[in-house]
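The values are calculated or read from the model by the stated rules, or taken from the named source; none is laboratory data. Please read these numbers as outputs of a predicted model, since none were measured by experiment. Here the Cβ positions follow ideal geometry from the backbone for every residue, glycine too, while neighbour counts run over all protein chains shown.
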Amino acid sequence: MYSGGYTGKVLRVNLTDKTFTEEALPEDVAQDFIGGSGFTVKYLYDLVPPDCDPLGPDNKLIFAPGPFTGTTIPCASRMAVNAKSPATGAMGVATTGGHFPVEMKRAGYDVMIIEGKAEEPTYLWIKGGEVKFRSAKDLWGLPTMDTQLMIKDELHDQNIRVCCIGPAGEKLSYMACIVNERRVAGRKGLGAVMGSKNLKAIALRGDLQMDIADHDKYDVARKRMREGMRKSPILYPEFSRYGTSTTLDLTQALGIYPTKNWTATGVFTPAEKIGGYAIEALGTGRTACAGCPVGCSQLRLAKEPPYAGFFTEGPEYETLYSFGGVTGVDNPDAIIAADRISDELGLDTMSAGVTIAFAMELFERGILTLEDTGGMDLHFGNDVSMIQLLHLMGVRKGLGDILADGTRVAARKIGKGSEKYALHVKGLELPAYDVRGAKAHGLNFATAFTGADHNKGYAFQEIFGIPIPYAVDRFAIEGKGALTMWTQDARCALADSPTMCVFLMDMAVADFMFDNTADLMEATTGLKYTPEEVHRVGERINNLARVFNTRAGLTRADDDLPERLKTEPIPEGPSKGQMISQVDLDFMLDEYYDARGWTRDGIPTRAKLEELHMGYAADDLGI
């Protein structure tokens, strides 16, 4: 039985009838799924019909930090949020940091399940084992920072932690996210799910302290982890100073920084203006999630008109892509402004920027005209129009209404052959890596259960040259199936479930990542794991999510990449000539399915599911 790390409680809140109940966290769920992403996948699988309307009352919104959250393990203030995604129709796990995850544990809960739909705009106030349903009528329509400030003022406590949606979530945009402070559970449209329930915000306050199962083992394991962090040649001297922004300089050097809707990779190379080293001069300081000694979040201030005065916690690498390279914008002040505006509207920066880039290419090709754009000049690089269109998307006006649900939906509405320029997988826009030059990373985009999600199986072997579990050739297709499975399972088990910042896996504990989690789990919770069993937890989670998606109607055909990546090689730079043809993709998919023990149609087999102690999932598939 677990004896530390967990609160042992699951909170279920029904918005329809304004009731709440507490349930015990089962030991087998803790052992088999650890926490965080694992818990949200397990509970969503058990409670949500896979064929339900993502914006209907049968969908549920599930929050879960992990057993490390709320302890003194560094960089562990993380949580997962999950619902059936309106953007993809698949499981929509997102992870986020900040202070809310720790406060949720201190409020007493390992899992929080939100179900039903409120009759009118509502926010939840959770403290001392009580849930109060409060009116959010005066908050509806407000941006996210104002919402958080007003709730704290109304409840007379500035130490309350709040997660909320902005106007985009209220208007059910498929790219709406959930914001706490300026941290975001982004992508996948989770903010729209929250908005569909008339839930504006959740406010928490708690004082529970986490028990530790074995303090001596805990001190040894924690010391080893901190020593790995201290010795890292990257974590403090580089990452703490720049955050993720210098990844732009790296990917441009590799020739895989995508620009101008992926037409100009290696041609338009703006690192000298918007790379991490270039924008350091705009920094005003840094901040950190709860209990994090690294403090990778850079605070930056725009200095030049018309954006002077815009301030943001970032922009991190993906935002330097989505409002920079992919839109052809090389004005760092404009990117800072777009980042802040997105946070206030509650829009995912990645999907928003890629969708704007899609519209820009359509404009340059004459598919969209000035009449369609309301007079906006949407040529690549026009930062003023980018900002204007971003506002329109957040409030669903004009062309912004057509684009507010992302490239897949917009292409269906616009037609005229625009589908070939929509860069998404399963309805989720592509992240900031031109995977034509990093093939395992591309296979992860195609197969991750959430859609094109770099964090679900980040191929650090290809991007950073880290030879774990072995060195690879980023241009090769052979062996990438097994590697992608390994990486997807590892990141899920080591970061997204315990929960812990994923950057530590790459930068600080890479040499002993599985031992690190196994040791910390036993010391913290009392549950025993071998390093192999930790990895198996990640495999279990990915298989269960795949079963849910299969039952929701997704097939091998959805494990695809956009036409451009399969037919147009990278035009210039160090990765010139690279692409992933359909033949290459099919080869890698076959390898991946074989490595996972699935059929060549991408369906988990009964033998594999029973091996993972999930025979019930095989029964649900009817196999």
Within segment 176-233, how many residues are small (Gly, Ala, Ser), in contact with a strand residue (DSSP E or B) (Cβ under 8 Å, 6 or more places away or on another chain) and more than 30 Å from THR355 (Cβ to Cβ)?
2
In segment 9-23, residue surrounded by the fewest Cβ atoms within 10 Å (Cβ to Cβ) [restricted to those that are in contact (Cβ under 8 Å) with a residue 40 or more places away in the chain and in a strand (DSSP E or B)]
GLU22
Can you work out which of the residues in segment 495-505 that are more than 17 Å from ARG222 (Cβ to Cβ) and not aromatic (Phe, Trp, Tyr) is surrounded by the most Cβ atoms within 10 Å (Cβ to Cβ)?
SER497
Can you work out which of the residues in segment 342-367 that are among the hydrophobic types (A, V, I, L, M, F, W, C) and over 17 Å from LEU378 (Cβ atoms) is surrounded by the most Cβ atoms within 10 Å (Cβ to Cβ)?
LEU347
Candidate set from segment 394-408 (those that are more than 20 Å from the chain's Cα centre (by Cα) and in contact (Cβ under 8 Å) with a residue 12 or more places away in the chain); member that is surrounded by the most Cβ atoms within 10 Å (Cβ to Cβ)
LEU403
Limited to segment 266-302, what total is found for residues that are assigned to a loop (DSSP other than H, G, I, E, B) and within 29 Å of THR499 (Cβ to Cβ)?
10
If you go through segment 506-526 one residue at a time, how many are surrounded by fewer than 24 Cβ atoms within 10 Å (Cβ to Cβ) and either in a helix (DSSP H, G or I) or out of contact with any Gly (no Cβ under 9 Å at 6 or more places or on another chain) (or both)?
12
Residue check: is PHE445 in a loop (DSSP other than H, G, I, E, B), touching a strand residue (DSSP E or B) at 6+ places or on another chain (Cβ under 9 Å) and at pLDDT 95 or above?
no
What number goes with the only condition from (1) over 28 Å from the mean Cα position of the chain (by Cα); (2) surrounded by 20 or more Cβ atoms within 10 Å (Cβ to Cβ) that LEU609 does not pass?
(1)
Does ALA545 qualify as being more than 27 Å from the chain's Cα centre (by Cα), crowded, with 20+ Cβ neighbours inside 10 Å and not in a loop (DSSP other than H, G, I, E, B)?
no
For segment 448-489, the count of residues that are under 14 Å from ALA510 (Cβ atoms) and in a helix (DSSP H, G or I) equals 5
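Table: residues versus (1) over 30 Å from ALA508 (Cβ atoms); (2) part of a loop (DSSP other than H, G, I, E, B).
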{"site": "MET104", "(1), (2)": "no, no"}
{"site": "VAL131", "(1), (2)": "yes, no"}
{"site": "ASP157", "(1), (2)": "yes, yes"}
{"site": "SER173", "(1), (2)": "yes, yes"}
Yes or no: PRO233 in a loop (DSSP other than H, G, I, E, B) and over 29 Å from ALA118 (Cα atoms)?
yes
